[in-house]
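Here the structure is laid out as structure tokens; the discussion comes afterwards.
The values are calculated or read from the model by the stated rules, or taken from the named source; none is laboratory data. Not measured: the values here are computed from a predicted model. Glycine gets a Cβ as well: all are built from the backbone with ideal geometry, and neighbour counts include every protein chain shown. Note: accessible area is taken over every heavy atom of the protein model, side chains too, but ligands, DNA and RNA are not part of it. Shrake-Rupley method; radii C 1.70, N 1.55, O 1.52, S 1.80 Å.
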Amino acid sequence: MGIDTAAPILIVGAGVFGLSTALELTKRGYQNITVLDRHVPPVVDGSSVDISRIIRADYADPLYAQMALEAHKGWTSTYSDFYHKSGFALFTETPNAYLQKSKETIIEKGGHVDELSDLAQLRALYPAVEASIPGAQGYHNPTGGWADAAGSIGFLASQCSVAGVSFITGRHGTVHSLRRSGDKVVGVNIVNGTHLLASQVILATGAWSNRLIDLSHAAASSGQPVGFLQLTPEEAQKFAKVPVMINFSTGVFSFPPTPGTNILKLARHGYGYATEATSEATGRTVSGPRRDASNASSGYLPDDADEALRHGVKQLFPSLQDRPWLNRRMCWYTDTPTGDFIIDHHPTLQGLFVATGGAGHGFKFLPVLGKYVADCFEDKAAKELREKWRLKPARDEAGTVNMSGDGSRGGPPLRKLTVVEQSKL
């Protein structure tokens, strides 16, 4: 399709999908791009923010492994100020096919791993590691690490601004619904009662996507627990030389302390928690974060989520197991049935392009993600890739779609929060 590079394009969402797309399209000559969001990036309750995200090439799927290797070049150059090469240790208490395939993929692509038949071998590599989990096995990838998520997003947003991208945030940038003319999307309706017109609307709205269009057959939103511990300078110095670690059996993962703040973060890459709310735009009942308030301010986690993170602290950092939380929050995933992104022109609504479905693993691709999205937007991507990320039409049959992902998650199954629990978020 031919797209007029001078025509207005609205990108809804200032996370990693939206910002990377805005920057890449500007580089390709598009002259009239506006990014809309509820908040100034880094968006305080988005899934692309807070102090850290894992940067890894460890994937069972060779496509994402290759993309991550490409992105790693950006992390060690353009985004090197935000990247920390700490190493990455993956282990499991029970046999895990994803971990095994991931190890094989790394080796096939020329990488090196250290086999871990016991976590004592990890302590031999990193003497400060306290983790002691009987029977745990896995491997260590020395090229893995983590990135300052909010810092990276802030830098990306500034690049967009310098390149000529416009931003509208706050109530003037909060989208109520898509503006349609028949089967064509012609812009967006704003919560303040105004509207903005565009030749193309790109939805990069992550966990908020189902509030604007019906993606129930292709994506769903779940909240994942995150906890932060304040360390003393001495403790932070002690744990500065530990790798990112993940226990695939529980889904709990941890980072080294963040330099300058001495804050240690743990989270769970699991199936998460669902909520229930009515979308004003579609009238449908959906799971997801609130639109009109920050979803990161309450500090609330369900009791079983807190207990799971506490168990993770006990396994990975036993000397800190009684340390109170400095803060807690829900990180909202946009789950898809196979963990694949959704990057495609809408199959029935002209003028609408969807770039979402990060499924808890999209951030690491920040340096290259925009290139892939723009290739799909311009219909230049390989056929196999377009099919992998295709937004399939809504299913005719009834039933719940299984959003179990790519096999990388651990912990208990998805649980819907009670009304009382939801009121505390």
Next on the checklist: Which pairs turn up if I take residues in the stretch 343-371 that are basic (Lys, Arg) and look for partners that are not in a helix (DSSP H, G or I) with beta carbon separation below 8 Å, at least 6 apart in sequence or on another chain?
Outcome noted: 364/53; 364/54; 364/55; 364/56; 364/147
Item to check | Check on residue 271, in a strand (DSSP E or B), in contact with a Ser or Thr (Cβ under 7 Å, 6 or more places away or on another chain) and at pLDDT 95 or above | outcome: no
Next on the checklist: I need a count of the residues in the stretch 310-342 that are of a type in the set (A, V, I, L, M) and out of contact with any Leu (no Cβ under 8 Å at 6 or more places or on another chain).
Outcome noted: 0
Checklist entry - Here is a list of conditions, (1) part of a helix (DSSP H, G or I); (2) without any contact (Cβ under 8 Å) to a residue 12 or more places away in the chain, and residue 22 meets all of them except one; can you say which number that is? => result (2)
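Let's see how each residue does on (1) open to solvent by less than 10 Å² (accessible area, probe 1.4 Å); (2) over 30 Å from residue 43 (Cα atoms); (3) of a type outside the set (Phe, Trp, Tyr):
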residue	(1), (2), (3)
84	no, no, yes
96	no, yes, yes
119	yes, yes, yes
135	no, yes, yes
Checklist entry - Among the residues of the stretch 319-349 satisfying the criterion of being open to solvent by less than 50 Å² (accessible area, probe 1.4 Å) and of a type in the set (Asp, Glu), which is nearest to the chain's Cα centre (by Cα)? => result 335
Item to check | Among (1) closer than 30 Å to residue 103 by Cα; (2) out of contact with any helix residue (DSSP H, G or I) (no Cβ under 7 Å at 6 or more places or on another chain); (3) in contact (Cβ under 8 Å) with a residue 24 or more places away in the chain - the single one residue 58 does not satisfy | outcome: (2)
Checklist entry - In this structure, is residue 290 among the basic types (Lys, Arg) and open to solvent by 60 Å² or more (accessible area, probe 1.4 Å)? => result yes
Checklist entry - Got a number for residues in the stretch 123-133 being crowded, with 17+ Cβ neighbours inside 10 Å and farther than 20 Å from residue 311 by Cα? => result 1
Next on the checklist: Any residue at all in the stretch 359-366 that's closer than 25 Å to residue 8 by Cα and modelled with pLDDT of 95 or more?
Outcome noted: yes
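Applying the selection to the stretch 169-179, what residues are touching a residue at least 24 places away in the same chain (Cβ under 8 Å) and surrounded by 16 or more Cβ atoms within 10 Å (Cβ to Cβ)? Steps first, please.
So the first thing to find is which residues in the stretch 169-179 are touching a residue at least 24 places away in the same chain (Cβ under 8 Å), and the list is 169-170, 173-178.
Within the stretch 169-179, 169, 173, 174, 175, 176, 177, 178 qualify.
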Checklist entry - Within the stretch 101-117, which residues are open to solvent by 50 Å² or more (accessible area, probe 1.4 Å) and either part of a loop (DSSP other than H, G, I, E, B) or in contact (Cβ under 8 Å) with a residue 24 or more places away in the chain (or both)? => result 101, 108, 109, 110, 112, 115, 117
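Output the strands (runs of 3 or more DSSP E) that fall wholly within the stretch 214-265 and possess 2 or more residues being open to solvent by less than 10 Å² (accessible area, probe 1.4 Å) and among the polar types (S, T, N, Q), or say none.
Values: elements: 220-230, 244-247, 252-254.
Filter on the stretch 214-265 gives 220-230.
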Next on the checklist: Take the conditions open to solvent by less than 20 Å² (accessible area, probe 1.4 Å), within 15 Å of the chain's Cα centre (by Cα) and either more than 30 Å from residue 262 (Cα to Cα) or among the aliphatic types (A, V, I, L, M) (or both) and apply them to residue 316. Does it pass?
Outcome noted: no
Checklist entry - Out of all the residues in the stretch 27-51, which are buried (at least 22 other Cβ atoms within 10 Å of the Cβ) and over 19 Å from residue 289 (Cα atoms)? => result 30, 33, 35
